[in-house]
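Everything below concerns the one structure shown next.
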Amino acid sequence: MKKTSCLIAFVIMLPFATWSLAAAAPKPLVYVTFWFDTEDFILPEADDAAKRLAEMFSERRVKATFKIVGEKARVLEERGRDDVIGALAANDVAYHSTYHSIHPTPAEYTRDLDWHEGVSEFIRREGAGLETLRRVFGVNASCYGQPGGSWTPQSYAACRAWGVPLYLDATSHVNVNDRPFWYGGVLTILGLGDAVQRTGWTDDDLKEACAKFDRVHERLMREGGGIVSIYYHPCEFVHRQFWDAVNFAGGANPPRSQWKLPPLKSVAEQEQAFGAFESYLDHIVNHPDVRLVTARQIPSLYPDRVYSRPLMRSDVLAVARAFQERLSYVALDGRIVSAAEGLLALAHAVARLDGDSQPEEIALEFAYGPACLPRRFVTEGTFSGEAVRQAAGELLETVQATEQLPSIVWVAGQPLRPEDFAVTLASLVAEEHPLGTVPMRQGELAAKRYVADNAPGLWGWVIFPEGFDAPRMMELAKLQAWTIKPAALRGSN
Ligand SMILES: [Zn+2]
């Protein structure tokens, strides 16, 4: 009874404090990030292509991001290509897996692993190439992006462990409104709709690509700024066919002694490709209201303000009300909390109710989504306010110990899914409950819709074995939807 009055008082006394983040609005800019998946460790001509592209940027006093495969870094060193290493190092050095297309690729070996085993296996296998990269280039990688379509949710925990703050690629496994977003605690740029761009090699391609850039630039300026992602592979400027398609397609895994060189473009075709790209680069570099940014610079454009200052009671009430409508990320005044962060905020608010004292401020910590999908749980019931308060406290203890939401929340000895517990807490904070009883509510994690369903089209990479798919892995990926929220461009809100 006592606790219930506290809960009611908590709701009634919530101040509707607001604050303003109003600052002098800077002029919007369109940020453009050029990145090159630098992966072909078989064709020596690809080394020179990488160097030529790297120098093209340096000559213009701008930088691109080179996502380099560990084996490529090793091979450059073995071939004595200090000139290539130097040219790449003058740009931004990022990471693109240890062996790229040699089987098993990341999605292949994490396919049937659970969350924790997948994280450690990813770190073991891909950490080796990252070590090579760090040794050869003397820096940590600025970002990671998966080989081909070989995406895995566990790679995000590896990025955090490696101190790599950005996931930069172009794939449809997770997409939040065609904008940058947070997933697994890592800033992520994947699908950006028409803001993922490139030019083909012909003069007509170039004309069309420049016009498309202008159109998207205009749209982004109207929206208060944004980012354009442009990607290539150095090898595609010189080859007719990808190095891995000629060796590792459809699950093929020949030994090194049998690797074949991919066929080359003619010299004229190569010059046409470099020329078209150079004109495209000049069009963009000389465009007004454009700033080229590397992967190393991008995180500072998208600061996560949730961790810079605590949530207030009004924020917690806003989360509770939003969860009653939809269990997903919640936009507060000037910042956005993920469903996981919202659940933690509610858990703090309820767990710390004690006597008359209510938490004024709640400092949030990061938590991954649950490690597995529970198979046995209750779907209805009524609990005492005290039992719910205790369960909220235990949830916070679990998160503190594991940096992960639990797969089950036990309330008075009953197993609840975290989704149901989240909306039950939300109703407790947002509504009054009679006589100390809290009816259980049922919720579904709406943010799961941002994670693709396992479908054949998702695994269309030519390197995968025939018929490859990964239903269990995408189930794990959907559990990490708890961590999804849009990333807000600095100065845009
Ligand atoms: Zn690649």
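Candidate cross-link partners of LYS478 among the lysines, defined by an alpha-carbon separation under 30 Å and a same-chain spacing of 8 or more, comprise LYS67, LYS448. SER97 contributes about 0 Å² of solvent-accessible surface, heavy atoms of the protein only, 1.4 Å probe. Roughly how many whole Å is it from the C-alpha centroid of segment 55-129 to that of segment 359-383? So the separation of the two Cα centres works out to 36 Å. Taken over segment 30-302, the ratio of Cα radius of gyration to 2.2 N^0.38 Å equals 0.97. Peptides 417-430, 290-303, ordered by how many other C-beta atoms sit within 10 Å of their residues on average, highest first, read 417-430, 290-303.
A Förster distance of 41 Å, applied to the separation of the beta-carbon atoms of GLN241 and GLU394, puts the FRET efficiency at 0.15. Its alpha carbons considered, segment 305-446 gives a radius of gyration followed by a Dmax of 13.8, 39 Å. Let a ≥ b ≥ c be the square roots of the eigenvalues of the Cα gyration tensor of the chain; is it rounded (a/c under 1.5), or, if not, prolate (a/b larger than b/c) or oblate? Here the chain falls in the prolate category.
Rounded to the nearest 500, the helix-only mean residue ellipticity at 222 nm of the chain stands at -12000 deg cm²/dmol, with each DSSP H run of n ≥ 4 adding -39,500 (n - 2.57). Karplus-derived 3J(HN,Hα) values for segment 64-76, using 6.51 cos²θ - 1.76 cosθ + 1.60 with θ = phi - 60°, are 10, 10, 10, 7, 9, 6, x, 5, 5, 4, 5, 5, 4 Hz; glycine and proline are entered as x. To test your reading of the geometry: what angle, between 0 and 90 degrees and rounded to tens, separates the Cα axis of helix 267-285 from the longest principal axis of the chain? Long axis of 267-285 versus the principal axis of the chain: about 40 degrees.
Going by average Cβ density within 10 Å per residue, which order do the peptides 365-376, 197-208 take, highest to lowest? Before the final figure, lay out each step's value.
Details: 365-376: 16.8, 197-208: 15.2.
Ranked from most to least packed, the peptides come out as 365-376, 197-208.
Under a point-charge model restricted to the Cβ atoms of Lys and Arg (+1) and Asp and Glu (-1), what is the dipole moment magnitude of the chain relative to its Cα centre, in debye to the nearest 20?
Details: 50 positive and 62 negative charges, 136 e Å.
Here the size comes out at about 660 debye.
Placing unit charges on each Cβ (+1 for Lys and Arg, -1 for Asp and Glu) gives the chain a dipole about its Cα centre, and among VAL84, GLN258, LEU344 the Cα reaching farthest toward its positive end belongs to LEU344.
Taking the longest Cα principal axis of the chain as reference, the axis of helix 45-59 is set at about 70 degrees.
Order of 408-415, 389-396 by packing, highest average Cβ count within 10 Å first? Before the final figure, lay out each step's value.
Working: 408-415: 17.1, 389-396: 20.6.
Per-residue mean Cβ counts within 10 Å order the peptides as 389-396, 408-415.
Label point 7 Å out from GLU223 along Cα-to-Cβ: which residues of segment 273-298 have amide N under 17 Å? Answer for segment 273-298: 290-291.
Write down the percent of antiparallel bridges among all DSSP beta bridges whose residues are both part of the chain, to the nearest 5. Each step should come with its number before you reach the end.
Working: 19 of 46 bridges.
The antiparallel fraction comes to roughly 40 percent.
Would you mind calculating the relative contact order of segment 305-446 from Cα pairs under 8 angstrom and at least 6 residues apart, reporting the percent as a whole number? Relative contact order, segment 305-446: 29 percent. Note on segment 75-199: with neighbouring protein chains present and a 1.4 Å probe, carbon and sulfur make up 48 percent of its accessible heavy-atom surface. Start at zero, step by 10 Å, and the Cα-Cα distances of segment 63-127 spread as 20, 41, 26, 13, 1 percent across the bins.
Taking Cα atoms only, the orientation of helix 313-325 departs from the longest principal axis of the chain by about 80 degrees.
The values are calculated or read from the model by the stated rules, or taken from the named source; none is laboratory data. Note that this is a predicted model, so its numbers are computed, not measured. Glycine also receives a Cβ, built like all others from the backbone with ideal geometry; neighbour counts cover every protein chain displayed. Quick note on the areas: whole protein, heavy atoms, side chains included, nothing else; ligands and nucleic acids left out. Shrake-Rupley method; radii C 1.70, N 1.55, O 1.52, S 1.80 Å.
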